[in-house]
Amino acid sequence: MSSLSLLIPLPVMFFGLGLAAGLARSDLAVPDAVAKALSLYLMLAIGLKGGMALAAPGASEGLFGALALGIALSFLLPLPAYALLRGPVRLDRVTAAAVAGHYGSVSVVTYAAAAGTLTTAGIASEGFMPAVLAAMETPAILTALLLARRGRQGAVRGKRHLAREVLLNGSVVLLLGSFLIGWIGGAGQKAQLAPFVEGLFPGALCLFLLEMGLLAARQLRAAPGRLSARLVVFGLVMPLIGAAAGLGAGLFAGLSLGGVALMMTLAASASYIAVPAAMRLALPEADAGVYVTLSVAITFPFNIVLGIPLYLWVAGLAVG
């Protein structure tokens with residue numbers, strides 16, 4: 001059985017447990033306060049670890065190129081997503097724009113799962129990748145709003161509130177803040193914080209993915225028939241399109257094997273925290289049942305179970 005854990009990482013098994021329990025209508029549950037604390041911990045640990053790694057001599061080489069390419073991906077990926085949603089999928093304009101924004105932005109937990117897989121496999125990555133993660137979270141929101149605006153006579157409502165929602169989003173603040181603190185503290189603090197930042201991380205990720213499995217099952221059960229077959233196919237194909245774009249960006253930036261795999265994962269992931277909050281405010285007429293269920297119940301499980309191993313394998317072939 002130990003060989004099975006090499007093929008399927010333990011956090012993924014816990015996600016499968018949560019999904020199966022939820023679909024079977026088990027009363028297994030993770031308290032909301034615990035789930036929120038776990039998400040805060042994961043973001044804090046990712047930021048701190050990345051900041052301390054960046055403080056090492058020479059670790060910032062390639063940072064600005066990777067940042068620029070990551071931001072460009074976030075701005076541009078909603079465009080092919082929107083074209084697919086309006087064309088073959090035949091979704092209405094505003095909901096299509098909202099969904100497209102999710103697929104240009106990123107998922108912190110998907111990134112955490114990929115980082116955990118790299119750690120288990122003993123594969124290093126650039127320390128600045130958490131900064132790329134944070135930078136990719138919000139540009140897609142702007143693209144989504146521009147796409148939605150094309151079919152509306154008025155401006156998108158609540159601009160001031162939206163700007164505050166985007167710029168002061170909790171995940172962005174915590175990621176960038178902890179990254180900065182880790183960079184200021186430097187590598188000298190690594191040994192002191194290692195039990196917290198690295199020792200607790202695998203267990204916290206297992207428990208959080210258990211909750212995500214339960215959430216995915218709830219979304220699937222709550223929205224029967226909400227997702228058409230074409231939407232489900234989109235939720236499986238769009239991550240592959242994003243991963244291909246991430247592969248090109250990672251190779252162009254000269255990232256390592258681990259860095260390319262993480263860039264592919266970021267480009268393939270779909271937001272389920274920052275973008276839904278922004279879309280509820282800016283595009284209230286968009287169908288939240290579509291964009292939340294699609295990102296949480298279709299794309300997230302695909303990336304966790306199949307996508308991350310695939311991206312790592314393809315990155316290994318490309319980097320050589």
Original post:
Is there a residue in region 36-59 that is under 22 Å from residue 260 (Cβ atoms), basic (Lys, Arg) and either out of contact with any strand residue (DSSP E or B) (no Cβ under 8 Å at 6 or more places or on another chain) or modelled with pLDDT under 85 (or both)?
Top reply: yes
Original post:
With (1) modelled with pLDDT under 80; (2) part of a helix (DSSP H, G or I) as the list, and residue 152 as the residue in question, which single condition is left unmet?
Top reply: (2)
**OP:** Return the only residue of 63, 91, 69 being surrounded by 13 or more Cβ atoms within 10 Å (Cβ to Cβ), under 27 Å from residue 228 (Cα atoms) and among the aliphatic types (A, V, I, L, M).
**Re:** 91
Subject >> Selection status of residue 26, out of contact with any Leu (no Cβ under 8 Å at 6 or more places or on another chain), exposed (fewer than 14 other Cβ atoms within 10 Å of the Cβ), more than 17 Å from residue 259 (Cβ to Cβ) and of a type in the set (S, T, N, Q) >> reply: yes
Original post:
Can residue 141 be described as at pLDDT 65 or above and in a loop (DSSP other than H, G, I, E, B)?
Top reply: no
Original post:
open to solvent by 10 Å² or more (accessible area, probe 1.4 Å) and at negative phi: does that describe residue 319?
Top reply: yes
**OP:** Run down 199, 182, 203, 186 and say which single residue is in contact with a helix residue (DSSP H, G or I) (Cβ under 7 Å, 6 or more places away or on another chain) and surrounded by fewer than 16 Cβ atoms within 10 Å (Cβ to Cβ).
**Re:** 186
Subject >> Pair list, Cβ under 8 Å, 6 or more apart: region 77-90 residue touching a residue at least 60 places away in the same chain (Cβ under 8 Å) and β-branched (Val, Ile, Thr), other residue assigned to a helix (DSSP H, G or I) and open to solvent by 50 Å² or more (accessible area, probe 1.4 Å) >> reply: 89/230
**OP:** May I ask you to verify whether residue 247 is open to solvent by 20 Å² or more (accessible area, probe 1.4 Å), in contact with a Gly (Cβ under 9 Å, 6 or more places away or on another chain) and not polar (S, T, N, Q)?
**Re:** no
Subject >> One residue from 131, 114 being part of a helix (DSSP H, G or I), buried (at least 24 other Cβ atoms within 10 Å of the Cβ) and modelled with pLDDT of 90 or more >> reply: 114
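The values are calculated or read from the model by the stated rules, or taken from the named source; none is laboratory data. Just so it is clear, the structure is predicted and the values come from calculations on it, not from any experiment. Cβ coordinates were reconstructed from backbone atoms using ideal geometry, including for glycine residues, and neighbour counts include every protein chain displayed. What goes into the accessible areas is simple: the full protein's heavy atoms, side chains included, and nothing from ligands, DNA or RNA. Shrake-Rupley method; radii C 1.70, N 1.55, O 1.52, S 1.80 Å.
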